[in-house]
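Worksheet: the structure to be examined is printed underneath.
Nothing in this text is a laboratory measurement; each read-out follows from the coordinates by a stated rule. Bear in mind that the values here come from a model prediction, so they are computed numbers and not experimental data. Cβ sites come from the backbone with ideal geometry, for glycine too, and all protein chains shown count toward neighbours.
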Amino acid sequence: MGFTTKALHPHFGYNDKHGAMRCPIYQTAAFEFEKAEDIEAVFKGQKMGHVYSRSSNPSIEELELKIKSISGALGVVATATGMAAISNALLALLKAGDNILTSRYLFGNTLSLFQTLFSDFGVDVRYVDTLDTEDIEKHIDSQTRLLFCESISNPQLIVPDFLAIKEVLQKHAIPLIVDTTMTPWNIFDAKKYGADIEIISATKYLSGGGHVLGGLIVDNGTYNWKNHPNLASFYQKFGPNAFLARLRKETFRNLGASLSAQSAYMLSLGLETLDLRVQRSCANALVVAAYLQTKPLVLNVDYPLLKGSIGYDNAQTQMSGGGAIITFSLGSKEEAYALLNAFKIIKRGTNIQDNKSLAIAPYHTIYAEYSDDLKKEYLLNEGMIRFSVGIEESEDIIADLEQAFINLTTKK
């Protein structure tokens, strides 16, 4: 079946005693059992069932099973936010004294997590060039536990060669963890290209309307967890499900980053139209990126499937769509702000992959706490605008950009 058909008709189905065609919202903290022996069996893992919604809930389980169905994953754990998904997944794999490899080109909050909390807890974060496999290899040692990167870096729009990275990591039995928020399964098969674990902010494309927070941890079943030193005891008991078991029984349950039943229901609805919205925003983004190249005030434009862009070569060989994000730069902060303030349809906001088009100047906002030298190191500049292209008619998006450029030119 196709992507949308699987989202609408998952193979596991749902049988409701009233004939409801979608899973209800189970808005409850706890669940009743007929016999004391039954609840004991569930606690011991001898029987399936839901005990307490911080650990599991039928509405959340339905979303997880849908994601598992359309992605072909081994298993899925839904969390309260995308940042919760990152922290839970990585903490399940790490101990004090370990190190991880990652890129400097990451979403600002992810960088903050790595630069503050991880160092506080004794995890060494080693920054590597994900476009240089030799650089990756030279940073690996016996304490390296994973490599984390983004499928398309936000906002630099760098696209790694994932198969080349995977080849290096396999020699050292190191799992590849990829934040695929920017590239959902219908435009990038991360499992095919070597991602062992996918991290997704469901707040973005899955939600669509920007109305609910959520995160997903997806175990693609491609890494042999008996090779991971921190999961050896779990592998002995749970085999291929070692990572998922540690998440469920320790990290996720103990940290309490639970998705709500209401949010799970809304994300499940969003999943049904995901492909339609992604295809529309990707098509719009390519048209808008080409338009921005024609504007004299724009110094440069980056979009993964725009020829000449930094991520173009790897994106066109690995992805069928470039995502919703364009970055373009004007000559100064003043010009960037004047353009942003002239928009009438495009919203000034920090989310991405909303149904609505959104724009922000990341140098002065998302990365505001970083020094100017670090921001330049992260390939940011004062006139940069990150533009998340929505699903409006492309003609209307371009018309709004055009009137804003006319306004800016008039002021100059």
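Over the chain, calculate the relative contact order: mean separation of alpha carbon pairs under 8 Å at least 6 apart, over the residue count, as a percent.
With pairs under 8 Å counted, the relative contact order is 16 percent.
Give the label of the value calculated from the structure for Cα extents along the principal axes in Å, choosing from [x] 83, 53, 34; [y] 77, 55, 37; [z] 61, 51, 45.
[y]
Count neighbours as other Cβ atoms within 10 Å of each site's Cβ, and list the GluC sites (Glu not before Pro) in segment 1-73 that are DSSP loop with at most 12 such neighbours.
Hits after loop and neighbour filter: GLU32, GLU34.
Of LYS68/LYS375; LYS6/LYS166; LYS307/LYS375; LYS47/LYS171, which ones are farther than 27 Å apart at the Cα?
Exceeds cut-off: LYS68/LYS375; LYS6/LYS166; LYS47/LYS171.
Find the centroid of the Cα atoms in segment 364-394 and in segment 2-47, then give the distance between the two in whole Å.
Answer, in whole Å: 42.
Report, in whole Å, the centroid distance computed from the Cα atoms of segment 271-315 and segment 88-107.
Using only Cα atoms to place each centre, the spacing works out to 30 Å.
Counting other beta carbons within 10 Å of each residue's own, what order do MET182, MET21, MET83 fall into, fewest first?
Fewest-to-most Cβ neighbours within 10 Å comes out as MET21, MET83, MET182.
Each label point is 7 Å from the Cα along the Cα-to-Cβ direction; what then is the distance between the points at SER142 and LYS44, in nm?
Result: 4.0 nm between the two label points.
Counting other C-beta atoms within 10 Å, and keeping those with at most 16, which DSSP coil GluC sites (Glu not before Pro) do you find in segment 279-382?
Qualifying residues, ordered by number: GLU369.
Fewest to most neighbouring Cβ within 10 Å: what's the order for ASP16, ASP38, ASP275?
In order of increasing Cβ crowding within 10 Å: ASP16, ASP38, ASP275.
What FRET efficiency would be calculated for the residue pair THR4, GLN316, taking the C-beta separation as r and a Förster radius of 25 Å, to the nearest 0.05? Don't skip to the answer; put the middle values down first.
On the way: r = 24 Å, r/R0 = 0.96.
That gives a FRET efficiency of 0.55.
So, in nm, how far is label ASP372 from label THR28 when the simple model puts each one 7 Å beyond its Cα toward the Cβ?
Label at ASP372, label at THR28, 6.0 nm between them.
I need to check one value: relative contact order of segment 156-278, counting alpha carbon pairs closer than 8 Å and at least 6 residues apart, in percent.
After rounding, I find 21 percent.
Taking R0 as 56 Å, what FRET efficiency do you get between ASN227 and ALA399 from their Cβ-Cβ distance, rounded to the nearest 0.05?
Plugging the Cβ-Cβ distance into 1/(1 + (r/R0)^6) gives 0.55.
Can you show me the helix-derived [θ] at 222 nm for the chain, built from DSSP H runs with n ≥ 4 at -39,500 (n - 2.57) apiece and divided by the number of residues, rounded to the nearest 500.
Result for the chain, helices only: -10000 deg cm²/dmol.
Using alpha-carbon pairs under 8 Å, 6+ residues apart, how would you state the relative contact order of segment 1-137 in percent?
17 percent
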